[in-house]
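**Student:** One structure is given below, represented as structure tokens, and several questions about it will come after.
The values are calculated or read from the model by the stated rules, or taken from the named source; none is laboratory data. Fair warning: this is a prediction, and the values are worked out from it, not measured in the lab. Cβ sites come from the backbone with ideal geometry, for glycine too, and all protein chains shown count toward neighbours. Note: areas computed on protein heavy atoms with side chains; ligands, DNA, RNA excluded. Shrake-Rupley method; radii C 1.70, N 1.55, O 1.52, S 1.80 Å.
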Amino acid sequence: MNKGRLAVYEWNAWELFSIGEWCPDAYRIKAHPDDEVEDVLDRLPPDTSDFLPHINLSRQALFPRRRSELFRALQKKGIRTWNANVTDMTKRFVQSECQRLGLPTTAATRGGDPDEKLILKSDCNHGGRNERRLDLETRCRLELPPESTLIDGSLDYPVMKRSELTDQWDDSGLVVERLIENSQGIYYRAYAIDRRLVISRFVAPNSDNRIQRIEDAKARRNFLYRDYTQLVGASDSGDALPARLKSVVASFLVGIQIDFGALDVVEDNEGNFYIIDLNITPYWGKPGQGKMTRFLRGELSLQEKLSKRMARWIPGGCSEAKRQT
């Protein structure tokens, strides 16, 4: 980050969100969908050096109004905009980007094995709950995905065989994906800020559950990398995480030009990795994971500096955190 402070232009994403933990000195600027360029610029503190749109909606290219004009005005002031090119977090966008970048995709098609298990999800993040906070006129103006007519916003997404699906394929608020199962109950979340990356490996208490929650994990282990761009195309692991996982995560982050956010990643039983969620307003919850937090803030303790010297041979310059449960 440049000299000065980060200004966070925030809508429905402040208390207990990651940005407050990773950038505790940031300014908070409350956002409104009807804001104009001048409204935002007038609320910027004079020592702002960086600007982050932190809008908890699955699409935000039109929030605030004339968004691209705002970013040009900030650039003229010498203010760096984070996530300037990332405006879509829908499930369809994530899988289309994976396809564009040559990464494994969970996108399902009507044709295929009739007995294959498919999972039905809202196209919006978190079941579209934040989109429901807006009136229909605002939703339409912001070009947000429609609500699904077949699922009610619950996060317990149904799983069906392909042969059982009928009208679901035509529901524009619904996304049908292949269900990726892992017999060991392992899943991952990747946290990124300004090229720093933490990949957390979780083990589920019950591997039979089709949807795993971080808060339910029985084990967690964090892996720290100082520059995720160096992990693209990684072939040698250097630690306990598969090189293929790190390359998939880094390739996606670089490909969409993200500065801040989180990814959810699942692994199948053949060792293939799939990005299933992108979140540029990641939730954090109650305080915890102190070493990981200090790392993402850019802080290094003496012990971590020594670890850095000892780990220079590891791609990306990483140091492995202790197991935390």
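**Student:** So which residues in region 117-142 are free of Cβ contacts under 8 Å to residues at least 12 places away in the same chain and either exposed (fewer than 13 other Cβ atoms within 10 Å of the Cβ) or within 17 Å of Val94 (Cβ to Cβ) (or both)?
**Tutor:** Asp135, Leu136, Glu137, Cys140
**Student:** Being more than 21 Å from Val249 (Cα to Cα) and in contact with a helix residue (DSSP H, G or I) (Cβ under 7 Å, 6 or more places away or on another chain) narrows it down to one residue among Asp156, Asp113, Asp171, Asp135; which is it?
**Tutor:** Selected residue: Asp113, the only one of Asp156, Asp113, Asp171, Asp135 that is more than 21 Å from Val249 (Cα to Cα) and in contact with a helix residue (DSSP H, G or I) (Cβ under 7 Å, 6 or more places away or on another chain).
**Student:** Moving to a separate point now. Name every residue in region 229-251 that is within 21 Å of Asn85 (Cβ to Cβ) and either basic (Lys, Arg) or in contact with an Asp or Glu (Cβ under 7 Å, 6 or more places away or on another chain) (or both), in order of residue number.
**Tutor:** none
**Student:** Same structure, new question: Which residues, taken from region 143-171, are of a type outside the set (Val, Ile, Thr), open to solvent by 70 Å² or more (accessible area, probe 1.4 Å) and over 21 Å from Ile280 (Cβ atoms)?
**Tutor:** Glu147, Leu150, Asp152, Asp156, Lys161, Ser163, Glu164, Asp167, Asp170
**Student:** A further question on this structure: Sort through Arg66, Arg43, Arg59 and tell me the only one that's surrounded by 17 or more Cβ atoms within 10 Å (Cβ to Cβ) and charged (D, E, K, R).
**Tutor:** Just a single option satisfies the conditions, and that option is Arg59.
**Student:** Regarding region 113-126, can at least one residue be identified that is assigned to a loop (DSSP other than H, G, I, E, B), under 21 Å from the mean Cα position of the chain (by Cα) and of a type outside the set (A, V, I, L, M)?
**Tutor:** yes
**Student:** Got a number for residues in region 42-75 being of a type in the set (Gly, Ala, Ser) and within 18 Å of Cys23 (Cβ to Cβ)?
**Tutor:** 1
**Student:** Something else about it: On the basis of being at pLDDT 95 or above and open to solvent by less than 20 Å² (accessible area, probe 1.4 Å), does Tyr27 make the cut?
**Tutor:** no
**Student:** Does region 159-173 hold any residues that are under 23 Å from Pro104 (Cβ atoms) and part of a loop (DSSP other than H, G, I, E, B), and which are they?
**Tutor:** Correct list: Leu165 only.
**Student:** Looking only at region 174-185, how many residues end up being assigned to a loop (DSSP other than H, G, I, E, B), crowded, with 16+ Cβ neighbours inside 10 Å and either within 20 Å of the chain's Cα centre (by Cα) or free of Cβ contacts under 8 Å to residues at least 24 places away in the same chain (or both)?
**Tutor:** Summing the residues that are assigned to a loop (DSSP other than H, G, I, E, B), crowded, with 16+ Cβ neighbours inside 10 Å and either within 20 Å of the chain's Cα centre (by Cα) or free of Cβ contacts under 8 Å to residues at least 24 places away in the same chain (or both) in region 174-185 gives 2.
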